[in-house]
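Bear in mind these aren't lab numbers, they're just calculated from the coordinates by the rules spelled out. This is a predicted model, so every value here is computed, not measured. Cβ sites come from the backbone with ideal geometry, for glycine too, and all protein chains shown count toward neighbours.
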Amino acid sequence: MKVIRFLCLVLLPILMTTSGEFLLKHSINHHQKVATSTAATVPIASGSPLRQPSAIFAVTMITLGGVLWLVAMSKYELSFIYPYLSINYISVLLGSQWVLHESVGWSRYASVIFIVIGLVLISRSPHSEVQKKGNLT
C-alpha cells in the first residue's frame, strides 16, 4: 500500500508534468509550422497555441501534477521526495531526443548518469512520512 501511495503521490505528478510539457511543446511547434506555412503576417498571439485543445489539456496535466505534488509534500519529508523531481531531467532528455527529435549530446547523457546515481542513493536512505501536521521541525 505504501508503494502505491508513493507511486501516486510522487511519480504520477512527475509523469503528468513531463507529459504535459511534451504535449505543450508539440502544440507550440505545430502551431508555429502552421503559422509560417500559411504566410502568417498575423501575429502568433492572434491564433495563440494556448487556445488549441491539446495545449489546454497539456496545461491541465501540468496543473494537476502540481496539485498532486502539493499533496505529496504534505505526506513525505521534503528532503526525501524532492530529489525525485530530477526524474524530470531524465524523461525530458530522453523524450527530447526520441519524441521531439532534438539533438542530445553525450555530455547530457553523462550528466543523467550522475542523476541516476543520486536517485539510487536517495531511494536507499532512511525516510519517513510526515508524522505531525503543522510541525516543521
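Towards the positive end of the charge dipole of region 2-124, with charges on Cβ (+1 Lys, Arg; -1 Asp, Glu), say which of V120, S107, S96 has the farthest Cα.
Looking along the dipole axis, the top candidate is V120.
Equivalent-ellipsoid semi-axes (√(5λ), Cα gyration tensor) for region 2-124, whole Å, largest first?
32, 20, 9
Nearest 20 debye, what's the magnitude of the dipole of region 2-124 about its Cα centre given +1 on Lys and Arg Cβ and -1 on Asp and Glu Cβ?
That gives a dipole near 180 debye.
Full-extension gain between R51 and V120, please, as 0.36 nm times their residue separation minus the C-alpha to C-alpha distance.
Roughly 20.8 nm would be gained on extension.
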